[in-house]
Every structure is written in structure tokens, then in C-alpha cells.
1. Between Phe51, Leu74, Gly188, whose Cα lies farthest towards the positive end of the dipole of segment 24-256 when Lys and Arg beta carbons carry +1 and Asp and Glu beta carbons carry -1, centred on the Cα centre?
2. Bin all alpha-carbon pair distances of segment 203-334 at 5 Å intervals from 0 and give each bin's fraction as a whole percent.
3. Over the chain, what is the mean sequence separation of C-alpha contacts under 8 Å (at least six apart), divided by residue count, expressed as relative contact order in percent?
4. For a quick protection proxy, order the peptides 128-136, 115-123 by their average other-Cβ count within 10 Å, most packed first.
5. For segment 10-103, what is the charge dipole size about the Cα centre, in debye to the nearest 20, if Lys and Arg each add +1 at the Cβ and Asp and Glu each add -1 at the Cβ?
6. Quick one: which of 319-325, 50-56, 31-37 comes out on top by average Cβ neighbours within 10 Å, and what's the full order, highest first?
7. Express the Stokes-Einstein translational diffusion coefficient of the chain in µm² s⁻¹, to the nearest whole number, given a Kirkwood radius over alpha-carbon pairs, 4 °C and a viscosity of 1.567 mPa s.
8. Which order do the peptides 152-158, 213-219 take when ranked by the mean count of other beta-carbon atoms within 10 Å per residue, highest first?
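The values are calculated or read from the model by the stated rules, or taken from the named source; none is laboratory data. What you see is a predicted model; the values in this text were computed from it and never measured. Positions of Cβ are generated from backbone atoms using ideal geometry, with glycine treated the same way; all protein chains shown enter the neighbour counts. Please note that ligands, DNA and RNA were not included when accessible areas were found on the heavy atoms of the full protein model with its side chains. Shrake-Rupley method; radii C 1.70, N 1.55, O 1.52, S 1.80 Å.
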Amino acid sequence: MSRAGAAASLDAIPFLDLSGTTQAVRDEVLARWNGLLDVNAFVGGEAVQRFEDAWAAYCDRRYAIGMANGTDALHLSMRALGIGPGDEVVVPANTFVATAEAVVLAGAQPAFADVDPDTLLLTPETLAAAVTPRTRAVAVVHLYGQMPDMDALCRTADELDLLVIEDMAQAQGAAWRGRRAGSFGAAGCTSFYPGKNLGAFGDAGAVVTDDPELAQTLRALRDHGRAGGTAHHDHAYVGTNSRLDALQAVVLEAKLSRLDDWNTRRRDVAAVYHELLDRTVVRPVSELEGSRGVYHLAVVRVHDRDRVRSELAELGIGTGIHYATPCHLMSPYRHLTDRPLPTVEADAAQLLSLPMSPFLSVEDAERVAKTVNEVAARDLR
Ligand SMILES: *Cc1c(COP(=O)(O)O)cnc(C)c1O
């Protein structure tokens, strides 16, 4: 349907539409996949190496290690950094559960932290409040694609003698004061799940680091603990199978060359939301001055969220919730936290993720913002 026709009949606006990014790389990917079928190189190999080099360079780091998914990128990084039984890792309670899960998979315990009420990100204060004598590291989550004050957080982590592990699954291409996400911590961990800003055609993930020893340990852990590369039979660790496959590496390399452009378009959509949303009835999550966020999600807070959400659905506007239950209130983790986390707990019932994609038009973004204003204002009259 033409643009004019779409506007006249008010097409549905889905919360997430992957077709634009898929179609943009389709021909390039199919051509390179054909080449791989000629040589039968499916796991590892040149395609994976090429993407790893490109991803490391993009993140301003020396090494990238492809993984099967983001959860493995996180938990294998923790293991490779020597985090295990008896240790605690600070995790913001309002993250996707995988961040907490990774800590447990590494054999350690999450220590859940509260976040800043404007950005919903960790601060030096909320970090320090979660630290105990057993805390070894902090998993800094660049939630929704925004960066916290990394200068302040890294300084505090340093003072408290904590390793910094970045969970940058939602922030591929984001920057804090010109420095890329993934380039601050001992390890920068990401997921390339299809819905992420840089998404594969299936599951994939990666770790970036400047530390050659850490890179080598991660390469071993992802490949059954093999110590000297794939030709060797020396299994020096209990590893796992978390290899990146070549078909996904091809998709990721094709998409990476377009990521900055796509992130700019996401910022344009977010700018429309920020300009038009009525602050008396909708509270958008804010972005810090030094952050160049990549708006993996465009999240607002509204009263009576579930009513707003279902009325928007009736009007053809899809939304999501990230996340309905804070990690520290989920049954496997509930026993770990005995103090209230007021911001995380108060906001969970109000969070609403608006449609976001690099291919969402300005007109559609305007329609979303205006409709959200109207629907959110209804119960306040
Ligand atoms: C997607 C995501 C992960 C986990 O990635 P998987 O590839 O699904 O294992 C971890 N942390 C955050 C913040 C995420 O958004």
C-alpha cells in the first residue's frame, strides 16, 4: 500500500517489525550463503573470523569472540574472569533476566541493585548500595540502548575493587562521551538475537575485550575447553559448545555496515516521541547528556498501563513491556534480596515500550505519540 493510502486507512503499527532490516540485506546474505554452501564451511572459519574482526573494530577493542548467544557471552565472560562460587555480581534488577541468569550459570550470586528514576540505569550510589564484602564485579546493563555515566560508574567500581562487565545486548553502537559501548569494561557482552539493533537470523552473541589472555580463555570455553585452537586435542577447561556459526556471521557482517544508519533512524523516531509526548500524562525514560543512545526500545511510563496498552492495541498500535517483573521478585531469585529497590519496584507496573524500528516513518511515530497522549489522558480526566 502507498504511504498516502496507509495514512488514510490507518494501518496497524506493530511494536516490532523486522522486515525492513531483513530485506535490506537479503540479496547480499543469500549470495554469500550460496558461497558457504559451495565450501560447506558452517561453524567457525573465515566468515566468523571476518565478522569477529569487524565487530572488534566497531567496538574499539582488540578482540571479539563470537558466541552462540548473549547469555553465554555473559556467563562465559564471568567464568573466564574467575568469578564463581562464593562471589557476588551486582546486577540492576530491571534488566532482562539473562543478566541475572548468567551470574548463576557462572556459579556466583546476583546482588540486585536499584536504578536512577529518570534513566532507569545504575548510578554510583545504587551500585555502592548493593555491594557486600563478597562482591567481585558489576554487570552494567545499557538498558533500552542508553548508556549510564560510565566515567562515574567505572570510577566507583575501581574504588570498590569491582570488575566491570558490560551487558551491551541492547546498546550496539551506543556511546558515552564519544566512546563506544563495550569499550569500558573488562568484557563487553552482546546478544545478536533477531530483535536486537544488530540481529542475526537466529541466535548469536559475542564478547569484546582488549585482554589477550581473556580472549584466549573465551575461545577455549566456547569450544569445549580446547586450549590451542580447533586443531588441538588439549581440553584444558570444562568448556561448553557456544560457537558462532558461519551463516549467522554472514548476516551480522552485512548488517553491521548499516548499523550506524539504522541507529540514527531509531534516534529520529525517538526524537519525535520526545518532542510530542505530553509529560503531564506520559513519562518517557530520559537519556543522559553524555549518552548517544541507540533506542533499542522507546520506553515510557504511564498510569493504568494495562488499560492504556489494550486501548492502544484496539487502535492498531502494538506495544511491549520491558520488563513486567523485576528480576529480584522472580521466584528463582527472590530469596537473594532482603531490601526494597523502590525505583525498580514502583516503575514495573507503569513501563510501556512503544513501536520502534529504523523503518518506522515519522508520520507513524507522530500518530503513535498523539494516540498515546490521548489514551493515557483518559483516566485522568
Ligand atoms: C537479549 C539480552 C540478553 C540475552 O541474550 P540471548 O542472546 O537471548 O541469550 C542479555 N541481556 C540483555 C540486556 C538482553 O537484552
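1. The one lying farthest along the dipole's positive direction is Phe51.
2. The percentages, shortest bin first, are 2, 7, 10, 12, 12, 13, 13, 12, 8, 6, 3, 2, 0.
3. 22
4. Top to bottom by mean Cβ count within 10 Å: 115-123, 128-136.
5. Rounded to the nearest 20 debye, it is 180 debye.
6. 50-56, 319-325, 31-37
7. On the way: Rh = 21.5 Å.
Approximately 60 µm²/s, per Stokes-Einstein.
8. 213-219, 152-158
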